[in-house]
């Protein structure tokens, strides 16, 4: 069963921690200028990224760690969410 939580569509049957993965992906996409630039930077297929951004599944640990690297690099450049 799905419900709304703070403006975010949440699937109660989703994997624990899936929101953390999704939130990191969304933040990284915003910081680098969108999903397409993030897909290119992470060197992952756009359909996979689109699925993960929608909350359907989650990336491998290696991909997630690269997302964290992107967040840290962008923070180091002084970029923050608008």
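The values are calculated or read from the model by the stated rules, or taken from the named source; none is laboratory data. All values reported here derive from a predicted model rather than from experimental measurement. No Cβ is skipped: glycine too gets one built from the backbone with ideal geometry, and neighbour counts run over all protein chains shown.
Would you confirm, using the coordinates I've provided, whether residue 37 is surrounded by 12 or more Cβ atoms within 10 Å (Cβ to Cβ) and farther than 18 Å from residue 21 by Cβ? When the stated conditions are applied, residue 37 passes them.
Among the residues of segment 58-80, those identified as in contact with a helix residue (DSSP H, G or I) (Cβ under 6 Å, 6 or more places away or on another chain) and part of a loop (DSSP other than H, G, I, E, B) are 58, 59, 79. Out of all the residues in segment 23-34, is one or more surrounded by 13 or more Cβ atoms within 10 Å (Cβ to Cβ), in contact with a strand residue (DSSP E or B) (Cβ under 8 Å, 6 or more places away or on another chain) and at pLDDT 70 or above? No, segment 23-34 contains no residue that is surrounded by 13 or more Cβ atoms within 10 Å (Cβ to Cβ), in contact with a strand residue (DSSP E or B) (Cβ under 8 Å, 6 or more places away or on another chain) and at pLDDT 70 or above.
Among the residues making up segment 54-65, those that are buried (at least 16 other Cβ atoms within 10 Å of the Cβ) and without any contact (Cβ under 8 Å) to a residue 40 or more places away in the chain are 59, 63.
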